[in-house]
Structure formats: C-alpha cells, structure tokens
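First the structure, in the form of structure tokens, and then the observations on it.
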Amino acid sequence: MKINGQNIFLRAIRNEHVPSEDDSYPFNLPIVRNLRTLEFPKSVTYIVGENGSGKSTLLEAIANLLGLNVEGGTKNFNFRTQETHSSLYEELRAVRADLKYGNAFFFRAESFYNFASEVDRIAREDRSMLCSYGGISLHEQSHGESFMSLIANRLQRKGLYIFDEPEAALSYMNQLRFLVWMKDAVAAGSQIIISTHSPVILAYPGAAIYVAEGGQLTLSSYDDCYIYRDMRAFITNKDLVIKELLGE
C-alpha cells in the first residue's frame, strides 16, 4: 500500500507492556522500557545502535509478531534449534496498512546457518526447494554467496523484508550490490526494516533512521548518524586514531 509515496505494510508497532520495577529481560532494556509507539513512515526504515542496545531483540520481536520464524525465514519455516527468543512480541501490537503483502522474510545473520540447514532438510524431500535459493545448497556456497543467492532468487517479489545485520555476510562490493537489491525491491513495492552497523548499507537515500541511544529511539539523518560519523572520522584520521589506540 502506498502512503505518501512510500510502500507501507506495517505502519507502526505499539508496546502495551506496563513498566514495573520488577521487569527483567527484555523489558528492562531502556529502548524497550521507554518504547510506546514506533512508526515506519518510509519504504526503508533502519534501527541502529551499539551492541547490547536492544535493536536485535526488537527486530526479532517484530518478526515474531508478524508470524515469521525467529531464526530466519518465512511464516512457513517452523524449525527451532533453541528457544532463545524473548516474550517481547506478546506485548507488541501491529498497526497494519495492508494485510496482503504476498511475501515476507526475516534474515538473521547469527542464525543463517540454521536456516540454511532447514532448507537442505526440506530439499532432501523436495528438490524443487532449492530453486528458490539458486539451485544449489546454501551450505555449498560461502556465507556471502549464499546470502546473495537468497536475495537474487528468493526475495524478488513485492514483500515485507526484515534484516538483522546483513553485513555480517557481505564484502564491501556485495554491500553495494545489496543496496542495488534494496532499490529494486522498493521499486517492486516492498517495505524493508533493517538493522546494520555498516555505513554502506545504511546509505539508502531517503530512509528513516532510528538510533538507539540514551534509552530512546530517535530519528537521525545519515550524516548525523554515529555509524557514518565514526567511520568517516577513522578513515580521515586513521594514523592518529591508530596511534592513540595502540600507543604507536
């Protein structure tokens, strides 16, 4: 569904949990504790933050709320290797603009191996399963190759796509190719929600960027986002930074 020229299937999520002093994980995470409503106003929305800020927990909960497998995949992937997901999704409510987005997928870098293993398991019973992933086992490709095969073959239709740190699998050049895929996916009518530490993947023009800092999720421009600023400062002052860090 187009809203102000943007592809919007998921308009927002609302956190209905009532904070208390007895809250434990994940409700004691500052961005979860302070979150009431998170809007997705653009075709591409980023949620970024330092390690431990809670961004991956939030993306996992959104995927779970939408019925996607929390270890990666679609609604049709029901495998679990270990029950590690939080109960946050039970407290969230989705504000939807359109229930019919046709395709949805959750990519989670840390559990992509488990997802690839499930694809292989299904393919042993139905070889056609591999057609959606380039025709060969994802395990027979490198991590980066298997991810690029996924987006080139499986994620080509209009859909709602959630990515948690896709750069973990990708070289610099493949991160650039991922940006091209994002452009094509948006042109096809897709909505993308993504968490990243990469200033390259963060560079999609006109996206909404939420930064987890100070216990809040606040909107930022690309140039003001710490991911870009910190990388730029390192590249432009590499010798000084290395000298201060390593005492050389």
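The values are calculated or read from the model by the stated rules, or taken from the named source; none is laboratory data. Here the structure is a predicted model, which means the values were calculated and not measured. So basically every Cβ, Gly included, is an ideal-geometry build from the backbone, and we count neighbours across all protein chains shown. Heavy atoms of the whole protein, side chains included, go into the accessibility calculation; ligands, DNA and RNA do not. Shrake-Rupley method; radii C 1.70, N 1.55, O 1.52, S 1.80 Å.
When residues in region 188-202 are screened for being small (G, A, S), touching a residue at least 60 places away in the same chain (Cβ under 8 Å) and not in a strand (DSSP E or B), 2 of them pass.
Could we say that A185 is in contact with a helix residue (DSSP H, G or I) (Cβ under 9 Å, 6 or more places away or on another chain), under 22 Å from N51 (Cβ atoms) and either assigned to a helix (DSSP H, G or I) or open to solvent by 40 Å² or more (accessible area, probe 1.4 Å) (or both) here? Steps first, answer last, please.
Details: in contact with a helix residue (DSSP H, G or I) (Cβ under 9 Å, 6 or more places away or on another chain): yes; under 22 Å from N51 (Cβ atoms): no; either assigned to a helix (DSSP H, G or I) or open to solvent by 40 Å² or more (accessible area, probe 1.4 Å) (or both): yes.
No: the conditions fail for A185.
The residue of region 219-248 that is surrounded by the most Cβ atoms within 10 Å (Cβ to Cβ), among those that are over 24 Å from I47 (Cβ atoms) and of a type in the set (S, T, N, Q), is N237.
Can you tell me how many residues within region 192-207 are of a type outside the set (G, A, S) and surrounded by fewer than 18 Cβ atoms within 10 Å (Cβ to Cβ)? Break it down stepwise before answering.
Filtering region 192-207 down to residues of a type outside the set (G, A, S) leaves 192-194, 196-197, 199-202, 204-205.
Filter once more, keeping what is surrounded by fewer than 18 Cβ atoms within 10 Å (Cβ to Cβ): 197, 205.
Selection size over region 192-207: 2.
Do you know which residues across region 40-55 are under 11 Å from the mean Cα position of the chain (by Cα) and modelled with pLDDT of 95 or more? Full working, then the answer.
Narrowing region 40-55 to residues under 11 Å from the mean Cα position of the chain (by Cα): 44-48, 55.
V44, T45, Y46, I47, V48, listed by residue number.
Filtered by the rule that a residue be open to solvent by 20 Å² or more (accessible area, probe 1.4 Å) and either touching a residue at least 40 places away in the same chain (Cβ under 8 Å) or of a type in the set (V, I, T) (or both), region 10-26 gives R11, R14, E16, H17, V18, Y25.
Can you spot a residue in region 203-225 that is within 28 Å of M1 (Cα to Cα), polar (S, T, N, Q) and part of a loop (DSSP other than H, G, I, E, B)? Yes: one or more hits.
For first residues located in region 173-184 and closer than 18 Å to F105 by Cβ and touching a residue at least 40 places away in the same chain (Cβ under 8 Å), partners that are open to solvent by 30 Å² or more (accessible area, probe 1.4 Å) and among the hydroxyl-bearing types (S, T, Y) and lie 6+ apart or on another chain with Cβ distances below 7 Å form the pairs M182/Y204.
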